[in-house]
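A short worksheet on the structure shown next.
The values are calculated or read from the model by the stated rules, or taken from the named source; none is laboratory data. Everything numeric in this text was worked out from a predicted model, so none of it was measured. Neighbour counts are summed over all protein chains in view; Cβ atoms, including those assigned to glycine, are modelled from backbone coordinates with ideal geometry.
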Amino acid sequence: MDVLTRMIENVQTTLDTGTSLEGDIDTEQLTAKIEHFLTWAEGEDKKLLGEMLVDKGVVSGEDVKDALDIQKKEYSKKLGEILV
């Protein structure tokens, strides 16, 4: 976050003064972290909510199955609403 904060401050200074500040921030590590997060996020969004909750140990597979059965009868309710 420190790198990102410094980058934002540099942009603000550049906008305020009209003078460009370049070269004092190494962005390779920040770029690598962002790419890692995006790769992780792409994989996570392919999982269904029930799968994610079971994987995290929040609910059991049986809880999800029961909630899905209820959802078939009460289609306006969301899965998370039923599980709560």
Residue selected from region 66-80 under the condition surrounded by 12 or more Cβ atoms within 10 Å (Cβ to Cβ) and part of a helix (DSSP H, G or I), by the criterion nearest to the chain's Cα centre (by Cα) = Leu79
Inter-residue pairs, beta-carbon under 6 Å, first in contact (Cβ under 8 Å) with a residue 40 or more places away in the chain and in region 42-69, second part of a helix (DSSP H, G or I) and surrounded by 12 or more Cβ atoms within 10 Å (Cβ to Cβ), 6+ apart | none
Matching residues in region 12-48 (modelled with pLDDT of 80 or more and either loosely packed, with under 11 Cβ neighbours inside 10 Å or over 14 Å from the mean Cα position of the chain (by Cα) (or both)) number 13
